[in-house]
Amino acid sequence: MSHVRPLEAADIDQVASLYLDTFFKRGKSPSKDLIACLEEFYLSGPTVDPQIPSLVHINDSGAISGFVGVNVVPMKFSDTRLRAAFGGTLMVRSREQDPMAGARLLKGFLAGPQDLSLSETANTTSLEMAKALRGVAFASYSLEWMRILRPAAFACDMTLRKSPLRTWALPVARGLDRLHGWNRRSAKTAAQTAKAQPVKRVNAEAFAASVEMLTSHYQLRPNWPGQLLLHVTHQAFEKPLHGQPVAALVMAPNGTPLGAFLYHLRKGGIGRVLQVLALPGREAKVIDCMFADADRRGAAGLRGRTHPAFLDVMLGRKIVFANATNTIVFSRDEAINDCFRRGQALVNGLAGESWGRHIGGNFV
């Protein structure tokens, strides 16, 4: 009989195969690196809590047919300490043969002893299941934004980013952008922004050191102990499929950070923004500095996940919004739900699942 149980070390090979089939559809055997990555993230890493494990779904034949990955983040809600569990990487093989497998996994995850359950990667199917289980999706955390800097190159990278044709097509597209002068106004704005506000390129250690100061104003936020934040940041820098990491602090005249941003960029392509942080009232400066930085590096554009603190200042900056995945909160505490409605919760990016090396890693 089909059932759900905690993930075990012996399951990792099957979970890795399911991961490849679900997200890459290559029909190949998982590499040793992918197996090691998933084992570390879901079984032995610092965000693993034995009381709140990742779960597998076992079908009638005794094989693994589904998986939900869990990582546990200590958080602070005002002065209260919480265990927040992020459930992501929800995968089911042959859903039509067992349509309830995903629901069983989600129910098993929600039955854990965590104080707060969340997901930042819920697709349309997961969203419907979550709503049936009283999960609340917050639109202001669930939109993807895109800022186009070089239109032809942007369209080329979006269309061919997984194709070998990108290598020769992208230079042609960039030539079209130069020929038509589509980036002249953007370049002028970038130069003005760069002159007005200094930006300091930093490594993972310096970026991590700035996070606590730049997030202390949130009512609900991660409370990373010891070296956990540094571990999270180091993994967040390693996303070779997305490109090289670009991390920077936006500095005030007195030399203290006003904000920070981290994105990954493949040469001439679209930068993928993992995290943007800013002190209250400084959001517009940080966004403009990030766009200016990407423009100087020749990016076709930037894309990332919305956060309510930055949503208002994005209006009027020629940004396009779409919805692909959703941030969902499961909480019976109405004060926590209200915190999300007011945009006073820091989730997604470093405070979620997307920082993991399994997202954006090159395991082929």
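When restricted to residues that are within 14 Å of Gly349 (Cβ to Cβ) and either surrounded by fewer than 20 Cβ atoms within 10 Å (Cβ to Cβ) or acidic (Asp, Glu) (or both), region 274-293 contains 0.
I'm checking my understanding of the structure. Among residues of region 232-263 that are closer than 23 Å to Ser216 by Cβ and of a type in the set (Val, Ile, Thr), which one is farthest from the chain's Cα centre (by Cα)? Of everything passing the filter in region 232-263, Thr256 is farthest from the chain's Cα centre (by Cα).
Mind checking whether some residue in region 89-104 is open to solvent by less than 50 Å² (accessible area, probe 1.4 Å), within 27 Å of Gln219 (Cα to Cα) and free of Cβ contacts under 8 Å to residues at least 60 places away in the same chain? Scanning region 89-104 turns up no residue that is open to solvent by less than 50 Å² (accessible area, probe 1.4 Å), within 27 Å of Gln219 (Cα to Cα) and free of Cβ contacts under 8 Å to residues at least 60 places away in the same chain.
Each residue in region 138-174 was checked for being in a loop (DSSP other than H, G, I, E, B) and open to solvent by 70 Å² or more (accessible area, probe 1.4 Å), and 4 of them qualify. Among all positions in region 94-111, there is at least one residue which is of a type in the set (D, E, K, R) and not in a loop (DSSP other than H, G, I, E, B). For region 55-91, a residue qualifies if it is aliphatic (A, V, I, L, M) and more than 18 Å from Asp13 (Cβ to Cβ), and the qualifying residues are Val70, Val72, Val73, Met75, Leu82, Ala84, Ala85, Leu90.
Scanning region 289-314 for residues that are part of a loop (DSSP other than H, G, I, E, B) and closer than 21 Å to Ala155 by Cβ yields a count of 4.
Once region 210-257 is narrowed to residues that are under 27 Å from Ser78 (Cβ atoms) and of a type in the set (Phe, Trp, Tyr), the residue that is modelled with the lowest pLDDT is Trp224.
Annotation note: of Ala9, Ala36, the sole residue that is of a type in the set (Gly, Ala, Ser) and more than 24 Å from Ala111 (Cα to Cα) is Ala36. Scanning region 54-73 for residues that are within 22 Å of Val347 (Cα to Cα) and either aliphatic (A, V, I, L, M) or open to solvent by 40 Å² or more (accessible area, probe 1.4 Å) (or both) yields a count of 4.
The number of residues in region 228-259 being part of a helix (DSSP H, G or I), open to solvent by less than 20 Å² (accessible area, probe 1.4 Å) and closer than 22 Å to Met146 by Cα comes to 1. Of all residues in region 260-288, those that are assigned to a strand (DSSP E or B) have Cβ atoms under 8 Å from Cβ atoms of residues that are hydroxyl-bearing (Ser, Thr, Tyr) and open to solvent by 20 Å² or more (accessible area, probe 1.4 Å), 6 or more apart or on another chain, in Leu274/Ser354. Looking across region 21-47, just one residue is more than 20 Å from Pro240 (Cα to Cα), open to solvent by less than 20 Å² (accessible area, probe 1.4 Å) and assigned to a helix (DSSP H, G or I), and that is Tyr42.
Of everything listed in (1) closer than 22 Å to Ala101 by Cα; (2) outside any strand (DSSP E or B); (3) within 20 Å of the chain's Cα centre (by Cα), the single unmet condition for Leu18 is (3).
The values are calculated or read from the model by the stated rules, or taken from the named source; none is laboratory data. Just so we're clear, the structure is a prediction, and the values are computed from it rather than from any experiment. Ideal geometry is used to build each Cβ from the backbone, glycine not excepted, and the neighbour counts take in all protein chains shown. To get the accessible areas, we keep the full protein, side chains included, count just its heavy atoms, and leave off ligands, DNA and RNA. Shrake-Rupley method; radii C 1.70, N 1.55, O 1.52, S 1.80 Å.
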